[in-house]
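Nothing in this text is a laboratory measurement; each read-out follows from the coordinates by a stated rule. Model, not experiment: these values are computed from the prediction. Please note: Cβ atoms are built from the backbone with ideal geometry, for glycine as well, and neighbour counts cover all protein chains shown.
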Amino acid sequence: MAGPSAIVRHVYHEHISNFGEPDEGIKFDRSNANVPIAPDGLDRVDVFVWKPDEEVEMCSFSTMGMCDRAMSGVDHRCELHFAVRLELTIPQIKSVASFLANLSNYPFDHKTAFDWWHKVRNPGEIPLFPKAECLILHPRFVADGWDTIAFENTEIRILNVIPLPADARELRTKGELWDFVWTKHSDPFSPW
């Protein structure tokens, strides 16, 4: 199997410049997939992990490999980020990484696209969030936050995966989602 493409290497280096070297990397490909990968699914996705430290109290995850392929009907590409305010065990890290690897295949398996503010209904069991029944793909959280990477003429959007409980399923607008995340769940990064 060939090494990472130029776009994936670029996205990886952008992550290094923003987060530093990851603490762990878990590779998912057709040889170790825990669910069958559709013919149009990604051949490989890596999930990198940055564990909490004295400066950042979050355990952060990022997929690496979604950006290698165009999604249906959009010009941008994407990668997924997930963060939780908790020091995780090795089984929990593997569970979150597996969930993100499976989620990263969704747009390719279903010939669709992911973008900011999209809601994913019934994404399966979301590790650490047993009451979650849907999720939203959120842009940056602060004005000077990081949610895009440019590579040649391609924009790669960073989509923050935010689990939501059943009562968020019917929210329709960005404003409703924003208010729900930040008022009803004052810390969307803490397990519940």
Ordered by number, the GluC sites (Glu not before Pro) in the stretch 66-168 that occupy a DSSP loop and have at most 16 other Cβ atoms within 10 Å are 87, 125, 152
Listed by chain and number, the residues whose amide H is under 5 Å from that of residue 112, excluding neighbours fewer than 5 places away on the same chain and using placed H, are 72
Listed by chain and number, the residues whose amide H is under 5 Å from that of residue 23, excluding neighbours fewer than 5 places away on the same chain and using placed H, are 49, 50, 51
Per the 1/(1 + (r/R0)^6) rule, R0 = 25 Å and r from the Cβ atoms of residue 56 and residue 154, FRET efficiency to 0.05 is 0.30
